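The values are calculated or read from the model by the stated rules, or taken from the named source; none is laboratory data. Predicted model, so just to flag it, every value in this text is computed and none were measured. So basically every Cβ, Gly included, is an ideal-geometry build from the backbone, and we count neighbours across all protein chains shown.
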Amino acid sequence: MIMAIAILIIVLVIFGLPVFAAILAAAMLGLYHSHIEFSAIAIEILRLSNAPVLLAIPLFTFAGYLLSEGNTSARLVRFSRSLLGWLPGGLGVVALVSCAFFTAITGATGVTIIALGGLLFPALISENYSEDFSLGLITTSGSLGLHFPPSLPLILYGFVSGASIERLFMAGVFPGSLMVGVLCLFSVFMGKKWKLEAPPFSSAEFFQSLKGAAWELPIPFLIILGIYTGFFTATEAAAMTAVYVVFIKVVVYKELSLLGDIPRVMKDSMKMVGSILIILGAALGFTNYLVDAFIPMKVLTFLQGLVQSKLGFLLLLNFFLILVGCVMDIFSAILVVVPLIMPLAAKFGINPIHLGIIFLANLGIGYNTPPVGLNLFIASSRLEQPVMHLYKATLPFLALLIIALLIITYWPPLSLFLPSLLR
């Protein structure tokens, strides 16, 4: 009977059952099978509500939704173009840097593709970039920036794993820059190959664009500086960021009305937060069952018979997490998978901070991996292109990102150098 119900849950997921409902059903089924009261789920949700660090999620989400309103995306693109547009393939570099920055401050890859895709794709085509290159760039750039503060997935990983969020923020700087950098070099290479014209650097345009974006550009850097110096915690940084963004949007740029627009944006952002917290509550209940049933230990025992080395475990982990990124959203994946792999990673001596960076790098690549990567379908809808066309267009970018992933995975100092400086 238990097996029949489990199969039914899987079938319902295939036909559109919400993720949180499937996770909750699996948790209840497991607890019932283990003769544990369902109140264990309520206890986990109560523990969740008392976690101060989770206050950062709604605050950063609210700030990100505010920044997605108005002309923030246009100002960021203009500044990036004035700074980097003179390079061969400079507009491609501009697109990558702008999308990474936007994903970092909004916390959602889909929002980046929707907000910037319609602006950047026609611009790339108009400057003689190939259609396949432009499609692949816009699609994959949506998952860049997940490692940069104030990354919501990093905050959630820190909560689930118990790792320091401040150190996770610092750890993501170099790996995130590497993933953006390899694609930027690819754009420069293609720009030289196609002999694309690049406008000369204009100091006048640079200072004008800098003036226009001067209030928004410092946000991630202020967060890093504040945390690095110990001036504030991640939760305090989230509160300060939300207040600051409200101020610049309402008072400085006058793009939003305090009474007319702010409540609407707040409502929209809290819908997303609510969906995250519902999944989190269900996932914690499921994790409770996994721990009580000693599932992580059983998986560890099984893998010890297959994988004998740290290198082999990391290779298997990369393959597994890319598959997870294809079929699950990043928040669900963190909540369900992290508790399973933490004991395994500890057994092979993998630092939890490094593990978090590996985790996000894999999931970000999974978002763009055929056949079911989420960003492929978002880009298909936004750019009005067949999804099969996007499969082909993203392959060169995926290959470069996998090279970056291997460096991130097998060279831990890239992730751990900056956190080692924090006391």
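Points worth noting:
- Hits in the stretch 267-287 - residues which are in contact (Cβ under 8 Å) with a residue 12 or more places away in the chain, surrounded by fewer than 17 Cβ atoms within 10 Å (Cβ to Cβ) and over 25 Å from Gly30 (Cα atoms): Asp268, Met270
- Ser151 of a type in the set (Ser, Thr, Tyr) and over 14 Å from the mean Cα position of the chain (by Cα): no
- Annotation: Thr233 fulfils all but one of (1) crowded, with 18+ Cβ neighbours inside 10 Å; (2) touching a helix residue (DSSP H, G or I) at 6+ places or on another chain (Cβ under 8 Å); the unmet one is (1).
- Residue match in the stretch 403-421 (condition: of a type outside the set (S, T, N, Q), within 24 Å of Ala123 (Cβ to Cβ) and out of contact with any strand residue (DSSP E or B) (no Cβ under 8 Å at 6 or more places or on another chain)): no
- If you filter the stretch 376-423 down to residues that are of a type in the set (Phe, Trp, Tyr) and either without any contact (Cβ under 8 Å) to a residue 24 or more places away in the chain or not in a helix (DSSP H, G or I) (or both), you find that the one that is farthest from Ile114 (Cα to Cα) is Trp411.
- Tally of residues being part of a helix (DSSP H, G or I) and within 16 Å of Leu67 (Cβ to Cβ) across the stretch 248-269: 11
- For the stretch 194-239, the set of residues classified as without any contact (Cβ under 8 Å) to a residue 40 or more places away in the chain, closer than 30 Å to Ser420 by Cβ and outside any loop (DSSP other than H, G, I, E, B) consists of Phe221, Leu222, Leu225, Gly226, Glu236, listed by residue number.
- Filter result for Gly349 (within 21 Å of the chain's Cα centre (by Cα) and closer than 25 Å to Val160 by Cβ): no
- Test: residue in the stretch 116-123 that is under 19 Å from Leu363 (Cβ atoms), modelled with pLDDT under 85, crowded, with 24+ Cβ neighbours inside 10 Å and touching a Phe, Trp or Tyr at 6+ places or on another chain (Cβ under 7 Å): no
- The numbered conditions (1) surrounded by fewer than 15 Cβ atoms within 10 Å (Cβ to Cβ); (2) modelled with pLDDT under 85; (3) not β-branched (Val, Ile, Thr) are all true for Leu374 except (1).
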